[in-house]
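Structure first, commentary second.
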Amino acid sequence: MNQQQRSIIAIDGPAGAGKSTLAARIASRFNLLNLETGAMYRAFALKAIENGVSPEDAAGLEALAASSSIRLEASPDGNRVYLDGVEVTSRLRDNSVTDAASKVSVHPAIRKWMVRLQRELGENGRIVMEGRDIGTAVFPDADVKIFLDADPVVRSQRRYEQIEAAPAAPIAAAESVLREMRERDQRDRTRALSPLQPAADAVVIDSTSLTLDQVIARVEEIIRERLGLA
Ligand SMILES: Nc1ncnc2c1ncn2[C@@H]1O[C@H](COP(=O)(O)OP(=O)(O)O)[C@@H](O)[C@H]1O
Ligand SMILES: Nc1ccn([C@@H]2O[C@H](COP(=O)(O)OP(=O)(O)O)[C@@H](O)[C@H]2O)c(=O)n1
(Lines give C-alpha, C1' and ligand atoms only; values in the text may rest on other atoms or scores of the structure.)
(Ligands and ions follow the chains in the order given, each with its own letter.)
Protein backbone atom coordinates (compact mmCIF):
# COMPACT_ATOMS: atom_id res chain seq x y z
CA MET A 1 0.00 0.00 0.00
CA ASN A 2 1.22 3.49 -0.78
CA GLN A 3 2.28 4.89 2.59
CA GLN A 4 1.04 8.41 1.76
CA GLN A 5 -2.38 7.44 0.44
CA ARG A 6 -5.42 8.39 2.56
CA SER A 7 -7.10 5.12 3.48
CA ILE A 8 -10.18 4.90 5.63
CA ILE A 9 -11.62 1.56 6.72
CA ALA A 10 -14.99 1.91 8.48
CA ILE A 11 -16.16 -0.89 10.78
CA ASP A 12 -19.68 -0.59 12.19
CA GLY A 13 -22.08 -2.88 13.97
CA PRO A 14 -23.83 -3.60 17.26
CA ALA A 15 -22.19 -4.31 20.64
CA GLY A 16 -20.29 -7.57 20.96
CA ALA A 17 -20.16 -8.26 17.22
CA GLY A 18 -16.33 -8.24 17.33
CA LYS A 19 -15.60 -4.77 15.92
CA SER A 20 -12.86 -3.72 18.37
CA THR A 21 -11.00 -6.99 18.07
CA LEU A 22 -11.24 -6.96 14.28
CA ALA A 23 -10.22 -3.29 14.05
CA ALA A 24 -7.13 -3.84 16.22
CA ARG A 25 -5.99 -6.79 14.08
CA ILE A 26 -6.61 -5.00 10.79
CA ALA A 27 -4.80 -1.88 12.01
CA SER A 28 -1.77 -3.91 12.99
CA ARG A 29 -1.79 -5.99 9.77
CA PHE A 30 -1.99 -2.96 7.43
CA ASN A 31 -0.19 -0.46 9.65
CA LEU A 32 -3.19 1.81 10.10
CA LEU A 33 -4.16 3.99 13.04
CA ASN A 34 -6.99 2.40 15.03
CA LEU A 35 -9.64 4.81 16.32
CA GLU A 36 -12.41 3.50 18.59
CA THR A 37 -15.26 5.99 18.55
CA GLY A 38 -17.20 4.15 21.27
CA ALA A 39 -14.41 5.13 23.66
CA MET A 40 -15.12 8.79 22.89
CA TYR A 41 -18.82 8.43 23.75
CA ARG A 42 -17.78 6.56 26.88
CA ALA A 43 -15.39 9.36 27.93
CA PHE A 44 -18.13 11.94 27.49
CA ALA A 45 -20.56 9.75 29.47
CA LEU A 46 -18.00 9.60 32.29
CA LYS A 47 -17.82 13.38 32.28
CA ALA A 48 -21.63 13.62 32.48
CA ILE A 49 -21.67 11.22 35.45
CA GLU A 50 -18.90 13.14 37.22
CA ASN A 51 -20.71 16.43 36.68
CA GLY A 52 -24.10 15.13 37.75
CA VAL A 53 -25.65 15.78 34.33
CA SER A 54 -28.40 13.28 33.54
CA PRO A 55 -27.94 11.34 30.27
CA GLU A 56 -31.53 12.40 29.44
CA ASP A 57 -30.78 16.14 29.82
CA ALA A 58 -30.12 17.19 26.21
CA ALA A 59 -29.46 20.88 26.98
CA GLY A 60 -27.23 20.05 29.97
CA LEU A 61 -25.20 17.60 27.87
CA GLU A 62 -24.82 20.10 25.05
CA ALA A 63 -23.48 22.72 27.45
CA LEU A 64 -21.10 20.14 28.93
CA ALA A 65 -19.85 19.15 25.46
CA ALA A 66 -18.96 22.77 24.73
CA SER A 67 -16.41 22.71 27.55
CA SER A 68 -15.09 19.17 26.96
CA SER A 69 -12.00 17.96 25.19
CA ILE A 70 -11.74 14.30 24.20
CA ARG A 71 -8.62 12.86 22.63
CA LEU A 72 -7.64 9.36 21.49
CA GLU A 73 -4.03 8.25 21.38
CA ALA A 74 -2.99 4.96 19.79
CA SER A 75 -0.87 2.59 21.86
CA PRO A 76 0.16 -1.05 21.33
CA ASP A 77 -2.47 -2.24 23.83
CA GLY A 78 -5.33 -0.18 22.40
CA ASN A 79 -6.45 3.43 22.46
CA ARG A 80 -5.57 5.69 25.36
CA VAL A 81 -8.40 8.09 26.02
CA TYR A 82 -7.95 11.57 27.45
CA LEU A 83 -10.81 13.60 28.89
CA ASP A 84 -9.91 17.26 29.42
CA GLY A 85 -6.24 16.26 29.31
CA VAL A 86 -6.51 13.47 31.92
CA GLU A 87 -6.21 9.81 30.94
CA VAL A 88 -9.46 7.95 31.75
CA THR A 89 -8.95 4.74 29.74
CA SER A 90 -9.23 2.33 32.66
CA ARG A 91 -12.56 3.79 33.80
CA LEU A 92 -14.47 3.49 30.53
CA ARG A 93 -15.72 -0.10 30.76
CA ASP A 94 -17.55 0.35 34.09
CA ASN A 95 -21.18 -0.69 33.84
CA SER A 96 -22.42 2.78 34.77
CA VAL A 97 -20.34 4.30 31.95
CA THR A 98 -21.53 1.68 29.44
CA ASP A 99 -25.14 2.47 30.28
CA ALA A 100 -24.65 6.26 30.19
CA ALA A 101 -22.68 6.11 26.90
CA SER A 102 -25.60 4.39 25.22
CA LYS A 103 -27.97 7.10 26.53
CA VAL A 104 -25.89 10.22 25.80
CA SER A 105 -25.22 9.03 22.24
CA VAL A 106 -28.93 9.29 21.38
CA HIS A 107 -28.89 13.12 21.40
CA PRO A 108 -28.42 14.68 17.94
CA ALA A 109 -26.30 17.60 19.22
CA ILE A 110 -23.90 15.22 20.93
CA ARG A 111 -23.65 13.04 17.81
CA LYS A 112 -22.96 16.08 15.59
CA TRP A 113 -20.19 17.20 17.94
CA MET A 114 -18.66 13.70 18.01
CA VAL A 115 -18.86 13.31 14.24
CA ARG A 116 -16.97 16.61 13.86
CA LEU A 117 -14.24 15.47 16.28
CA GLN A 118 -13.99 12.08 14.58
CA ARG A 119 -13.64 13.63 11.13
CA GLU A 120 -10.83 15.85 12.40
CA LEU A 121 -9.07 12.82 13.86
CA GLY A 122 -9.28 10.73 10.72
CA GLU A 123 -9.47 13.16 7.83
CA ASN A 124 -6.03 12.80 6.28
CA GLY A 125 -5.05 9.53 7.80
CA ARG A 126 -4.57 5.90 7.16
CA ILE A 127 -7.09 4.67 9.68
CA VAL A 128 -9.46 1.99 10.83
CA MET A 129 -12.36 3.72 12.55
CA GLU A 130 -14.81 1.59 14.47
CA GLY A 131 -18.26 2.45 15.83
CA ARG A 132 -21.92 2.60 14.81
CA ASP A 133 -22.14 5.36 12.17
CA ILE A 134 -18.69 5.56 10.59
CA GLY A 135 -19.76 4.36 7.15
CA THR A 136 -23.07 6.23 7.20
CA ALA A 137 -22.23 9.58 8.88
CA VAL A 138 -18.59 10.11 9.82
CA PHE A 139 -16.91 8.94 6.59
CA PRO A 140 -19.61 8.13 4.01
CA ASP A 141 -16.74 8.15 1.48
CA ALA A 142 -14.64 5.55 3.36
CA ASP A 143 -12.58 3.27 1.09
CA VAL A 144 -13.87 0.09 2.72
CA LYS A 145 -17.01 -0.30 4.84
CA ILE A 146 -17.63 -3.38 6.92
CA PHE A 147 -20.84 -3.93 8.89
CA LEU A 148 -20.17 -6.68 11.40
CA ASP A 149 -23.23 -8.31 12.93
CA ALA A 150 -24.12 -11.45 14.92
CA ASP A 151 -27.08 -12.97 16.68
CA PRO A 152 -27.84 -11.00 19.91
CA VAL A 153 -27.61 -14.09 22.14
CA VAL A 154 -24.18 -14.92 20.69
CA ARG A 155 -23.03 -11.30 21.09
CA SER A 156 -24.11 -11.18 24.69
CA GLN A 157 -22.42 -14.54 25.42
CA ARG A 158 -19.19 -13.16 23.94
CA ARG A 159 -19.49 -10.02 26.06
CA TYR A 160 -20.23 -12.09 29.17
CA GLU A 161 -17.11 -14.22 28.62
CA GLN A 162 -15.07 -11.08 27.96
CA ILE A 163 -16.22 -9.56 31.27
CA GLU A 164 -15.51 -12.80 33.14
CA ALA A 165 -12.01 -13.04 31.67
CA ALA A 166 -11.04 -9.49 32.65
CA PRO A 167 -8.71 -9.05 35.61
CA ALA A 168 -10.76 -7.97 38.66
CA ALA A 169 -13.89 -9.06 36.81
CA PRO A 170 -17.08 -7.51 38.17
CA ILE A 171 -19.85 -9.93 39.10
CA ALA A 172 -22.07 -10.27 36.05
CA ALA A 173 -25.03 -12.46 35.30
CA ALA A 174 -25.40 -13.73 31.75
CA GLU A 175 -29.11 -12.73 31.73
CA SER A 176 -28.39 -9.14 32.73
CA VAL A 177 -25.66 -8.82 30.09
CA LEU A 178 -28.20 -9.98 27.47
CA ARG A 179 -30.93 -7.65 28.78
CA GLU A 180 -28.64 -4.62 28.84
CA MET A 181 -27.31 -5.41 25.38
CA ARG A 182 -30.85 -5.62 23.99
CA GLU A 183 -31.66 -2.24 25.53
CA ARG A 184 -28.54 -0.70 24.00
CA ASP A 185 -29.30 -2.30 20.62
CA GLN A 186 -32.78 -0.81 20.75
CA ARG A 187 -31.41 2.69 21.46
CA ASP A 188 -28.79 2.32 18.72
CA ARG A 189 -31.40 1.26 16.17
CA THR A 190 -34.16 3.74 16.96
CA ARG A 191 -32.38 7.05 17.63
CA ALA A 192 -33.34 9.99 15.42
CA LEU A 193 -29.91 10.77 13.98
CA SER A 194 -27.86 8.05 12.25
CA PRO A 195 -29.62 5.00 13.67
CA LEU A 196 -27.50 1.87 13.48
CA GLN A 197 -27.81 0.31 10.04
CA PRO A 198 -25.39 -0.81 7.34
CA ALA A 199 -24.40 1.81 4.76
CA ALA A 200 -25.84 0.95 1.34
CA ASP A 201 -22.32 0.11 0.11
CA ALA A 202 -21.12 -1.77 3.21
CA VAL A 203 -20.10 -5.41 3.14
CA VAL A 204 -22.26 -7.06 5.78
CA ILE A 205 -20.60 -9.93 7.64
CA ASP A 206 -22.61 -12.06 10.04
CA SER A 207 -20.09 -13.54 12.47
CA THR A 208 -22.60 -15.68 14.39
CA SER A 209 -21.02 -18.90 13.21
CA LEU A 210 -17.62 -17.60 12.11
CA THR A 211 -14.48 -17.70 14.20
CA LEU A 212 -12.59 -14.49 14.77
CA ASP A 213 -9.84 -15.71 12.44
CA GLN A 214 -12.38 -16.39 9.67
CA VAL A 215 -13.77 -12.85 10.03
CA ILE A 216 -10.29 -11.35 9.96
CA ALA A 217 -9.29 -13.36 6.87
CA ARG A 218 -12.43 -12.25 5.03
CA VAL A 219 -11.88 -8.57 5.86
CA GLU A 220 -8.17 -8.72 4.97
CA GLU A 221 -9.15 -10.11 1.58
CA ILE A 222 -11.67 -7.31 1.00
CA ILE A 223 -9.10 -4.66 1.97
CA ARG A 224 -6.45 -6.14 -0.33
CA GLU A 225 -8.90 -6.21 -3.24
CA ARG A 226 -10.29 -2.69 -2.68
CA LEU A 227 -6.96 -1.03 -1.95
CA GLY A 228 -5.20 -2.81 -4.76
CA LEU A 229 -2.97 -5.02 -2.70
CA ALA A 230 -1.70 -8.33 -4.07
N1 LIG B 1 -16.13 -14.30 15.54
C2 LIG B 1 -15.94 -14.38 16.86
N3 LIG B 1 -16.08 -15.56 17.49
C4 LIG B 1 -15.93 -15.67 18.82
N5 LIG B 1 -15.61 -14.65 19.63
C6 LIG B 1 -15.45 -13.45 19.06
C7 LIG B 1 -15.60 -13.26 17.66
N8 LIG B 1 -15.38 -11.95 17.40
C9 LIG B 1 -15.11 -11.36 18.59
N10 LIG B 1 -15.13 -12.26 19.58
C11 LIG B 1 -14.91 -12.00 21.01
O12 LIG B 1 -16.10 -11.35 21.47
C13 LIG B 1 -15.79 -10.36 22.44
C14 LIG B 1 -16.41 -9.02 22.01
O15 LIG B 1 -15.67 -8.54 20.91
P16 LIG B 1 -15.41 -6.98 20.70
O17 LIG B 1 -14.36 -6.88 19.62
O18 LIG B 1 -15.13 -6.31 22.01
O19 LIG B 1 -16.84 -6.50 20.15
P20 LIG B 1 -17.39 -5.05 19.85
O21 LIG B 1 -16.21 -4.14 19.70
O22 LIG B 1 -18.17 -5.20 18.57
O23 LIG B 1 -18.27 -4.68 21.00
C24 LIG B 1 -14.26 -10.34 22.57
O25 LIG B 1 -13.90 -11.09 23.71
C26 LIG B 1 -13.79 -11.02 21.30
O27 LIG B 1 -12.56 -11.69 21.46
N1 LIG C 1 -19.88 5.69 16.55
C2 LIG C 1 -20.48 5.36 17.70
C3 LIG C 1 -19.81 4.58 18.66
C4 LIG C 1 -20.48 4.26 19.83
N5 LIG C 1 -21.74 4.73 20.04
C6 LIG C 1 -22.44 4.47 21.31
O7 LIG C 1 -21.50 4.43 22.36
C8 LIG C 1 -21.70 3.32 23.21
C9 LIG C 1 -20.34 2.69 23.55
O10 LIG C 1 -19.81 2.14 22.36
P11 LIG C 1 -18.77 0.92 22.37
O12 LIG C 1 -18.46 0.59 20.95
O13 LIG C 1 -17.63 1.26 23.25
O14 LIG C 1 -19.62 -0.22 23.06
P15 LIG C 1 -19.48 -1.79 22.89
O16 LIG C 1 -20.02 -2.14 21.57
O17 LIG C 1 -18.01 -2.13 22.97
O18 LIG C 1 -20.26 -2.35 24.02
C19 LIG C 1 -22.64 2.37 22.49
O20 LIG C 1 -23.70 1.93 23.34
C21 LIG C 1 -23.19 3.15 21.30
O22 LIG C 1 -24.56 3.40 21.46
C23 LIG C 1 -22.37 5.46 19.08
O24 LIG C 1 -23.52 5.86 19.28
N25 LIG C 1 -21.73 5.78 17.92
Residue list for segment 53-82, filter: closer than 28 Å to residue 125 by Cβ, in contact with a Gly (Cβ under 9 Å, 6 or more places away or on another chain) and at pLDDT 95 or above = 69
request  = Answer with yes or no whether residue 50 is modelled with pLDDT of 95 or more, among the charged types (D, E, K, R), more than 16 Å from ligand 2 (Cβ to nearest atom) and on the phi < 0 side of the Ramachandran plot.
outcome  = yes
query = Is it fair to say residue 101 is touching a strand residue (DSSP E or B) at 6+ places or on another chain (Cβ under 7 Å) and within 16 Å of ligand 1 (Cβ to nearest atom)?
reply = no
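The rows are residues; the columns are (1) farther than 22 Å from residue 196 by Cα; (2) over 16 Å from the mean Cα position of the chain (by Cα); (3) away from ligand 2 (no atom under 13 Å from the Cβ).
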| residue | (1), (2), (3) |
| --- | --- |
| 36 | no, no, no |
| 43 | no, no, no |
| 73 | yes, no, yes |
| 78 | yes, no, no |
| 105 | no, no, no |
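The values are calculated or read from the model by the stated rules, or taken from the named source; none is laboratory data. Please read these numbers as outputs of a predicted model, since none were measured by experiment. Don't worry about glycine lacking a Cβ; one is built from the backbone with ideal geometry, like all the others, and counts go over all protein chains shown.
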